[in-house]
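**Q** Below is one structure. I have some questions about it.
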Amino acid sequence: MEPTLSSIRGIGPARLKALNEAGIFTVRDLAMFLPREYRDLSRTTPLGALQAGVPTAVRVRVTGEVREQRAKKLLITKVFVTDGSDVVAAVWYNQPWLKNQLVKGRELLLYGKAEWKKGVLHLVSPTIEQNDGLVPVYRAIPGVPAKAMRATVEAALDACDGSWPEDLPESIRRRYDLCERNFALRNAHFPTGQEALAAARKRLAFEELLLYQTALSLFRNTGREGVQFHFEDDALEEFWDRLPFAPTNAQRRVMREVADDLRSRRAMARMVQGDVGSGKTAIAFAAIALAHRCGYQAALMAPTEVLARQHYDGAKEILEPLGCRVGLLTGSLTPKQHRIAHEAIREGAWDAIIGTHALITEGVEYRNLGLVVTDEQHRFGVRQRTQLGEKGDAPNVLVMSATPIPRTLSLILYGDLDISIVDELPPGRKPVATRIVPESKREGLYGFLREEVRKGRQVYVVCPLVEESEAVEALPAEQVYEDLRTIHLPDLRVELVHGRMKPRDKDAVLEKFRAGEADVLVSTTVIEVGVNVPNATIMVIENAERFGLAQLHQLRGRVGRGAHESWCFLMAEPNERLRFLTSTNDGFRVAQKDMELRGPGELFGTRQSGAIAEGIGQMGSDAEMLKQTHDLARELLADPESEDARAVIALAQARFADRLDGIAVN
Ligand code: ADP
Ligand code: MG
């Protein structure tokens, strides 16, 4: 019997809540929360050979007394360390508890990056490591420090040691050379070596993808009859006439494909793919206008509150003049506003309902939902997409994605969807010049920023999201902000915005930036969507190596929207992956490359959707494995009564139970 999560050593109520919020509810979820990467501590570097910007393990001794210093909200802890060959300084930010560990004479295994600060090489926020060998690094979960996460996973594995049932049929394991489950789980987290790690990853990725493919096939629902719209050919022209701009040819073509679906008896299930800024919103609004014209309600679901509001404002402007009544439903409404919204939706007082997840919560009943649009599809799971579809009587479904996926792959990933591609940007867009900036060129970049600001431009600085205690390779936004404000750009107006701020404070900072009252905006990727400041022409991305190519491409899409030349600076040591980004502005090519380099699993959008276990995306789930599991799922479902098929179907149903509810196997 699997123990409950709260019975695991180290999981109290607070930690339980933090884990739940990250989508971890069972010991199995925790065991399948696989590391994002592994830190190799088996090889250490002499201090004399330290290089700025390269993550390194060093074995050192504390030579001096620890010093603490305060700068505004920042507590700086500093100590000198030596390995006999050289002496360097190590600094940490806002980690007061470290003081007790940094005792003079103590031996430490440190892992982190060195950086030049005022001409002196510093180890910046290195982690203090206990074990050598391969150490797992998990995606940061708010409220669970990296070390605690490691200990918690270890405790969970210990609690179930050797007792996970081997549920994958032996014939399949033998055919694809997959190792046993207990071995796989243990070694995926705490590998005994590279070989064991590779075998473990292969087994877990294969199983996860096989179950996902099987589940997808089970609920694939092609050819289903749906709501059929009746409208004349000039209906679309009328809509285009209302827009403040002329549609591109690509927008026209995609909209005709959508219109044909809407007029057919088969329910539409179409994905519109198009690069950032290709104008997918206008297509969504056109489809909503057609639904309204035919007497049906339409719902548009966005992944964030900011994006939903932005669409709501746009819809009011474009759709309301057509007599289409627009309403907003998000999680942040007051209970009273919720009641009013629910009633307006039920009674049909609203024709177009724009919102977030709140659109698919219980209690929302539509009067006659004929069209469902989900924006930024890659941020939702398949389950959420289909849930909204289930709200009506087989409504037409349109999903929009800025992550272009090669056609062969999308057939496998989204086999239930037809695909349209917006392969043209509106006229007048300027490509964003992209450059890689290694640590040694940092000072030079600041000179350039200063000049651009003097010309009246504005700058975004984006930092990856990390826990403070895990600030190894990545600089937390607060620290970057402090450094910019006090050391690098003290003469400019620098502001900070991050996910833990209250929405009101966040809005205030964004508004300041929008109004041109700040020159530099430091942020975490939390505010990835929703900001549109044409005067901001420079995007600086700290620790660019931490991001996927597709994500970097999305981020740089935030600049290049105005008349001025735009720049994107990737702060990282140059590598092939990042160099590719400097060579093209084509989102399709970027996505293709991302997939070649990182494996297609990344495209599942694992972080947001939870469709596939955490970490599988990075786990050797290459295109070959995707095809193998796809074919095997087909083969099994062709003979669903066979012993192997029954076993795998049962597993897939258990794994994706919430999604397969009520869908018969046939
Ligand atoms: P995305 O495909 O990333 O969702 P949006 O729909 O948000 O792109 O469009 C990006 C910007 O381009 C918006 O400001 C929109 O008004 C503008 N836009 C869209 N289509 C056109 C067009 N055909 N001509 C000019 N501007 C357009
Ligand atoms: Mg969009």
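The values are calculated or read from the model by the stated rules, or taken from the named source; none is laboratory data. Quick caveat, the model's predicted, so the values are computed rather than measured. Cβ: placed from backbone, ideal geometry, glycine included. Neighbour counts: every protein chain shown. With ligands, DNA and RNA removed, areas are computed over all heavy atoms of the protein, side chains included. Shrake-Rupley method; radii C 1.70, N 1.55, O 1.52, S 1.80 Å.
**Q** Compute the separation of the alpha-carbon centres of the stretch 491-523 and the stretch 250-329 and state it in Å as a whole number.
**A** 31 Å
**Q** Here's another thing I want to ask about it. Can you give the log10 of the normalised intensity I(q)/I(0) at q = 0.10, 0.13, 0.18, 0.25 Å⁻¹, computed with Debye over equal Cα scatterers of the stretch 1-105?
**A** Evaluating at q = 0.10, 0.13, 0.18, 0.25 Å⁻¹ gives log10 I(q)/I(0) of -0.52, -0.77, -0.96, -1.23.
**Q** Provide the convex hull volume over Cα atoms per residue for the chain, in Å³.
**A** So the per-residue hull volume is 161 Å³.
**Q** Compute the relative contact order of the chain as a whole-number percentage, counting only Cα pairs closer than 8 Å that sit 6 or more residues apart in sequence.
**A** The normalised contact order for the chain reaches 15 percent.
**Q** Next question, about the same structure. So if I take the centroid of the Cα atoms in the stretch 89-133 and the same for the stretch 439-459, what is the distance between those two points in Å?
**A** Cα centres, the stretch 89-133 to the stretch 439-459: 30 Å.
**Q** Probe 1.4 Å, all protein chains in place: accessible area of M301 in Å², nearest 10?
**A** 0 Å²
**Q** So which GluC sites (Glu not before Pro) in the stretch 230-270 end up in coil per DSSP with only 14 or fewer other C-beta atoms within 10 Å?
**A** Those that pass, being in a loop and sparsely packed, are E232.
**Q** Still on this structure, please answer the following. With the dipole of the chain worked out from charges on the C-beta (+1 for Lys and Arg, -1 for Asp and Glu) around the Cα centre, which of F239, G105, P335 lies farthest toward the positive end?
**A** G105
**Q** Work out the charge dipole of the chain with +1 on the Cβ of Lys and Arg and -1 on the Cβ of Asp and Glu about the Cα centre, then indicate which of G193, I345, L123 is farthest towards its positive end.
**A** Comparing the listed Cα positions along the dipole, L123 ranks first.
**Q** Can I ask one more? Place a +1 charge on the Cβ of each Lys and Arg in the chain and a -1 charge on the Cβ of each Asp and Glu, then give the dipole magnitude about the Cα centre in debye, rounded to the nearest 20.
**A** Computed charge dipole of the chain: roughly 1700 debye.
**Q** Over the stretch 171-284, what per residue volume does the convex hull of the Cα atoms give, in whole Å³?
**A** 177 Å³
**Q** Another one. List, in order, the whole-Hz ³J(HN,Hα) value for each residue of the stretch 143-150 obtained from phi through the Karplus relation with A = 6.51, B = -1.76, C = 1.60 and θ = phi - 60°; use x for Gly and Pro.
**A** x, 10, x, 3, 5, 5, 4, 4
**Q** Reachable aspartates and glutamates from K17, Cα under 15 Å, same-chain residues fewer than 8 places away excluded?
**A** Within reach: D29.
**Q** Can I ask one more? Between the DSSP loop rule and a limit of at most 16 other Cβ atoms within 10 Å, which trypsin sites (Lys or Arg not before Pro) in the stretch 78-138 are left?
**A** Listed in order of number, the matching sites are K104, R106, K118.
**Q** Cα to Cα, under 18 Å, and not fewer than 8 places away if on the same chain: which aspartates and glutamates meet these conditions relative to K117?
**A** Excluding near neighbours in sequence, the set is E68, D86, E439, E443, E473, E478, E482, D483, E542, E573.
**Q** Let me know the charge dipole size of the stretch 1-74 about its Cα centre in debye, to the nearest 20, where only the beta-carbon of Lys, Arg (+1) and Asp, Glu (-1) is charged.
**A** 340 debye
**Q** Here's a follow-up. Considering only C-alpha atoms, what is the centroid distance from the stretch 1-52 to the stretch 150-220, in Å?
**A** 17 Å
**Q** Here's a follow-up. From the residues P96, A151, L50, which one has its Cα farthest along the dipole of the chain in the positive direction, the dipole being from +1 and -1 charges on Cβ of Lys/Arg and Asp/Glu about the Cα centre?
**A** Of the options given, the answer is P96.
**Q** Moving on. For the stretch 90-197, what relative contact order do you get, as a whole percent, if you take Cα pairs closer than 8 Å and at least 6 residues apart?
**A** Once normalised by length, the contact order is 20 percent.
**Q** Non-local amide H neighbours of R561 (under 5 Å, H modeled in plane, Pro and chain starts lacking H): which ones?
**A** Long-range HN contacts for R561: none found.
**Q** Using only DSSP helix segments of four residues or longer, with each worth -39500 (n - 2.57), what per-residue ellipticity at 222 nm results for the chain after dividing by its residue count and rounding to 500?
**A** -11500 deg cm²/dmol, from helical runs alone.
**Q** Taking θ as phi - 60°, what are the ³J(HN,Hα) couplings along the stretch 12-20 by the Karplus curve (6.51, -1.76, 1.60), each to the nearest whole Hz, with x for Gly and Pro?
**A** x, x, 5, 5, 4, 5, 4, 5, 4
**Q** Determine ³J(HN,Hα), in whole Hz, for all residues of the stretch 503-508 in sequence, where each value follows from phi through the Karplus function 6.51 cos²θ - 1.76 cosθ + 1.60 and θ = phi - 60°; x replaces Gly and Pro.
**A** Residue by residue, the stretch 503-508 yields x, 5, 5, 4, 4, 4 Hz.
**Q** I've got another one for you. My understanding is that a pair violates if its Cα-Cα distance is over 27 Å; which of K113/K441; K78/K147; K506/K593; K73/K147 do that in this structure?
**A** From K113/K441; K78/K147; K506/K593; K73/K147, over 27 Å: K506/K593.
**Q** Whose amide H sits under 5 Å from the amide H of T374, counting only residues 5 or more places off or on another chain, with H placed in the peptide plane?
**A** For T374, whose amide H was placed from the backbone, the distant partners under 5 Å are M301, L398, V399, M400.
**Q** Using only alpha carbon pairs under 8 Å that are at least six residues apart, calculate the relative contact order of the stretch 261-340 and give it in whole percent.
**A** 20 percent
**Q** A further question follows. If you take the C-alpha gyration tensor of the stretch 142-198, multiply each eigenvalue by 5 and take the square root, what semi-axes do you get, largest first, in whole Å?
**A** 26, 14, 9
**Q** Name the GluC sites (Glu not before Pro) in the stretch 25-121 that are in a loop by DSSP and that have at most 11 other C-beta atoms within 10 Å, would you?
**A** Hits after loop and neighbour filter: E65.
**Q** Compare K280, K147, K73 by solvent-accessible area with a 1.4 Å probe and give them largest first, with all protein chains kept in place.
**A** Most to least solvent-accessible, the answer reads K73, K147, K280.
**Q** Now a separate question. Report, ordered by chain and residue number, the aspartates and glutamates lying within cross-link reach of K104, taken as a straight Cα distance under 12 Å and ignoring same-chain residues fewer than 8 apart.
**A** Leaving aside aspartates and glutamates fewer than 8 places away in the same chain, those within reach of K104 are E65.
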